[in-house]
1. So, in the range 39-68, of the ones that are within 13 Å of the ligand (Cβ to nearest atom) and of a type in the set (Lys, Arg), which residue ends up nearest to Gly237 (Cα to Cα)?
2. For Glu8, state whether it is out of contact with any helix residue (DSSP H, G or I) (no Cβ under 8 Å at 6 or more places or on another chain), away from the ligand (no atom under 15 Å from the Cβ) and within 27 Å of Asn219 (Cα to Cα).
3. Just one of the numbered conditions (1) among the hydroxyl-bearing types (Ser, Thr, Tyr); (2) within 13 Å of the ligand (Cβ to nearest atom); (3) touching a helix residue (DSSP H, G or I) at 6+ places or on another chain (Cβ under 9 Å) is not true of Tyr78; which one?
4. Can you spot a residue in the range 232-240 that is touching a residue at least 12 places away in the same chain (Cβ under 8 Å), more than 21 Å from the chain's Cα centre (by Cα), within 16 Å of the ligand (Cβ to nearest atom) and farther than 30 Å from Leu153 by Cα?
5. Of everything in the range 206-230, what is touching a helix residue (DSSP H, G or I) at 6+ places or on another chain (Cβ under 8 Å), outside the structural domain of Ala40 (by TED's automatic domain parsing) and in contact (Cβ under 8 Å) with a residue 40 or more places away in the chain? Give them in sequence order.
6. Please list, ordered by first then second residue, the pairs with beta carbon atoms under 7 Å, 6 or more apart or interchain, first in the range 16-27 and outside the structural domain of Tyr172 (by TED's automatic domain parsing) and on the phi < 0 side of the Ramachandran plot, second buried (at least 23 other Cβ atoms within 10 Å of the Cβ) and polar (S, T, N, Q).
7. Within the range 84-110, can you find the residues that are crowded, with 17+ Cβ neighbours inside 10 Å and closer than 16 Å to Leu22 by Cβ?
8. Hand me the list of helices (runs of 4 or more DSSP H) wholly inside the range 32-140 holding 2 or more residues that are modelled with pLDDT of 95 or more and of a type in the set (Gly, Ala, Ser).
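The values are calculated or read from the model by the stated rules, or taken from the named source; none is laboratory data. As the structure is a computational prediction, the values presented were derived from the model and not from experiment. Here the Cβ positions follow ideal geometry from the backbone for every residue, glycine too, while neighbour counts run over all protein chains shown.
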Amino acid sequence: MESTPSIELYGTGSPNVHKITLALEEMNIPFIFHKVNIRAGEQYTETFKKLNPNSKLPALVDHSVGVSIFESGNILQYLATRYGNGKYLPNQNTDLKGHTEVMNWVFWQMAGLGPNFGQFYHFSHYAGEKHEYAIQRFLNETTRLFLVLEKQLASNKFVVGDTYTIADMAIYPWAKYIKLIPELKHEEFPNVYSYIDRVRQIPSVDKVISAVEEDQKQNPPKPPTEEEKKWMFNVDGRSTKA
Ligand SMILES: N[C@@H](CCC(=O)N[C@@H](CS)C(=O)NCC(=O)O)C(=O)O
């Protein structure tokens, strides 16, 4: 008889959540998925805030330990430590250097590529008025970050060395969207473009991303209504939902 998985993932269709589905698939960890409707404000309910007081996705609960985890980089680190047997994040007690080198890039993605790319996308696609200064500011920083990655990938098959680690699980779901920025062309970023193809060939990655693509084909994302934008962009910073 199959037992109930001890892991529950709360998410939506977004790159920060795909980081975690990539990790769960690669590490062969069974889980239950709960979709949180961010367009209806479900991230702001008191029930959800018990799992993530910061009202963002993903959030993960591991009942075998009795812990709720938030921030996608922290969830990746947790899963690799508890379930990855040192394969996706070297053990810090036996290989502190290797561990720290992977975490350098997890933090780089969390603090740099994710937030800046996210703001660029917001100002260029969602903002009602086009603020050229904001678009250019976040495009410049996103470009700079992709150039950092381009250089790293000139001498590394994956982000850190020859093995697929949680640094790749954090970076790949964002890096693949370089194709959405016409200013960042293949000629200038050949290593990033070939990295995206290389990672996609990993069977667990192909499985997760194919399912995401199929879902997007079946349910093409609609532009948010003004009401939905209020929840998604938390207009006055005080959103809360009963
Ligand atoms: N630093 C956070 C960012 C999480 C985040 O911004 N998640 C988005 C989805 S990709 C979200 O929850 N959006 C809903 C909202 O901002 O209300 C992480 O990596 O977990």
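1. Per the criteria, the residue is Lys56.
2. The answer is yes for Glu8.
3. Condition not satisfied by Tyr78: (3).
4. yes
5. Matches in the range 206-230: Lys207, Val208, Ile209, Val212.
6. So the pair list comes out as Asn16/Ser72; Lys19/Ser72; Ile20/Ser72.
7. Our first condition is that a residue be crowded, with 17+ Cβ neighbours inside 10 Å; within the range 84-110, this holds for 84, 88-90, 98-99, 102-103, 105-106, 108-110.
Across the range 84-110, the qualifying residues are Gly84, Tyr88, Leu89, Val102, Trp105, Val106, Gln109, Met110.
8. Working: elements: 46-51, 72-83, 96-108, 114-121.
Qualifying helices (runs of 4 or more DSSP H): 72-83, 114-121.
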